[in-house]
1. Within 11 Å of the chain's Cα centre (by Cα) and of a type in the set (D, E, K, R): does that describe residue 63?
2. Since residue 62 meets every condition but one in (1) modelled with pLDDT of 90 or more; (2) surrounded by 13 or more Cβ atoms within 10 Å (Cβ to Cβ); (3) touching a Lys or Arg at 6+ places or on another chain (Cβ under 9 Å), which condition does it not meet?
3. Of everything in the range 13-54, what is β-branched (Val, Ile, Thr) and surrounded by 15 or more Cβ atoms within 10 Å (Cβ to Cβ)? Give them in sequence order.
4. Pairs needed: first member in the range 17-33, of a type in the set (Val, Ile, Thr); second member anywhere, surrounded by 12 or more Cβ atoms within 10 Å (Cβ to Cβ); C-beta distance under 7 Å; at least 6 residues apart or different chains.
Amino acid sequence: MADKKNWIGPAVERMKRKGTVGKFSASAKRAGMSTSAYANKVLANKNASPTQRKRANFAKNVRG
């Protein structure tokens, strides 16, 4: 569990500085899906934007 904390803390701090905390969750909510289900949908879609694909991959990694 300590390894997860080592990378997640700096990642969250970067998201706070950029103002992107909650952006992917908001997209999932607009689509009427859970964050996990939306992440799977985005990663399966080859036409998804690179930003959404990165956010989906991050969400999938964080959910454990």
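The values are calculated or read from the model by the stated rules, or taken from the named source; none is laboratory data. This one's a predicted model, so the numbers in the text were calculated from it and none came from an experiment. Note that each Cβ is placed from the backbone with ideal geometry, even for glycine, and that neighbours are counted across all protein chains shown.
1. On the way: within 11 Å of the chain's Cα centre (by Cα): yes; of a type in the set (D, E, K, R): yes.
So residue 63 fits the description; yes.
2. (1)
3. Here is the first cut: in the range 13-54, the residues β-branched (Val, Ile, Thr) are 20-21, 35, 42, 51.
Matches in the range 13-54: 35, 42.
4. Close Cβ pairs satisfying both conditions: 21/15.
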